[in-house]
């Protein structure tokens, strides 16, 4: 399949991407990701390995669109979960008993 990434045309195939990413260790995911084989890769890492371009030269959207057209599962960036503030033992007992918590 022909796709344009960073204004350059690439002829990519699903088998070619699988072969290129074989043996590449996934980096920690901080944004959009793509599942290749059984591994989750950051989209920018895949774009860099497959196109041999600097990550600053293309957008994650360009690579995500190409990978999705090839049939790979792409995942959007999920915001970090905010840590839940634990209740004190007194507040926890108040919640369990249905009594209003003292401030």
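Worth a mention:
- Subset of the stretch 8-37 (residues that are out of contact with any helix residue (DSSP H, G or I) (no Cβ under 8 Å at 6 or more places or on another chain) and within 24 Å of residue 77 (Cβ to Cβ)): 18, 25, 28, 29, 30, 35
- Criterion violated by residue 103 - all others in (1) out of contact with any strand residue (DSSP E or B) (no Cβ under 8 Å at 6 or more places or on another chain); (2) at pLDDT 90 or above satisfied: (2)
The values are calculated or read from the model by the stated rules, or taken from the named source; none is laboratory data. Note that this is a predicted model, so its numbers are computed, not measured. Reconstructed Cβ throughout: ideal geometry from the backbone, glycine too, with neighbour counts over all protein chains shown.
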